């Protein structure tokens, strides 16, 4: 139990952003616990993976490289990771809360009988006292996640099972480069056949079609977001015009999506995406805690709201008091003339 292990999800040969975010947080937690940070990648043509992860403070990188692992399939990944975890005995194992992470995490936790906290938005180290026995257990992973539809934030601990497992949402952990450019950790190349049996290879990918993302909301430098205060889908459509002129993306609150103003892939908040744009323009957004948690680390926050006492105004750098029906068309007209 002397390490934190992070699963590095791959897009081809590129390590996914959420995995790099987890390495950054993993390094912080490892330093606090005084243990090693280990990472694992499974795929083909992995020569570029080490240089991608070393800057984030990885001590040991485990590689499973084989042409049969070029694309993700459930059983080989589960088999390899379960045996690696049993061999390495990490006290914490982290994955991204992605399509792959949500498939892989529960299978590993069920196989190892370790438990899993899903869709976390924060990770911390703390102590736990068993009220029945009075025993105090130190240095546990606190997995923080929204619950009951985002209405509360729950902190979950796993005192007795190892590893402590969590999947973490993309965008909630900042990237932190902590090692010099010439730093190199230890790379361990594993014999794939020692970990993955023929029975684990029964599924073969014949054809693969990848649908491109419909928006670039997470990495957009400017986000124009709308809330229920936009009033209608027609009014919400104005945000797309403004975002286009600003070379930005459109986001939405859960209330706006529930009202049918926008689509779920644009939701920002505890139960949606977390974004950190240079400029965040909040249009008709009241500023409930569920939404603020997904955008509060934006560089400059501009609030456009008819309510001068809207909660979001308290965190905004600039506040425009006025109806969105009046203010946004003026902004569109201004940028069209530039």
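The values are calculated or read from the model by the stated rules, or taken from the named source; none is laboratory data. Note that the coordinates shown come from a computational prediction; the quantities given were computed from them, not determined experimentally. Virtual Cβ from ideal backbone geometry, glycine too; neighbours counted across all protein chains shown.
Consider residue 173 carefully, then state whether it is outside the structural domain of residue 253 (by TED's automatic domain parsing), modelled with pLDDT of 95 or more and touching a helix residue (DSSP H, G or I) at 6+ places or on another chain (Cβ under 6 Å).
Values: outside the structural domain of residue 253 (by TED's automatic domain parsing): yes; modelled with pLDDT of 95 or more: no; touching a helix residue (DSSP H, G or I) at 6+ places or on another chain (Cβ under 6 Å): yes.
No: the conditions fail for residue 173.
Against the condition free of Cβ contacts under 8 Å to residues at least 12 places away in the same chain and assigned by TED's automatic domain parsing to the domain that holds residue 107, how does residue 68 come out, does it pass?
Judged against the criteria, residue 68 is not a match.
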Filtered residues of the stretch 213-234 (kept if buried (at least 19 other Cβ atoms within 10 Å of the Cβ) and more than 27 Å from the chain's Cα centre (by Cα)): 229, 230
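So which residues in the stretch 291-315 are in a loop (DSSP other than H, G, I, E, B) and surrounded by 20 or more Cβ atoms within 10 Å (Cβ to Cβ)? Let's see the steps before the verdict.
Going residue by residue through the stretch 291-315, those that are in a loop (DSSP other than H, G, I, E, B) are 293-299, 306-310, 315.
Result: 293, 294, 295, 298, 310.
Does residue 188 satisfy the condition of being under 23 Å from residue 47 (Cβ atoms) and not in a loop (DSSP other than H, G, I, E, B)?
Numbers: under 23 Å from residue 47 (Cβ atoms): yes; not in a loop (DSSP other than H, G, I, E, B): yes.
Yes, satisfied.
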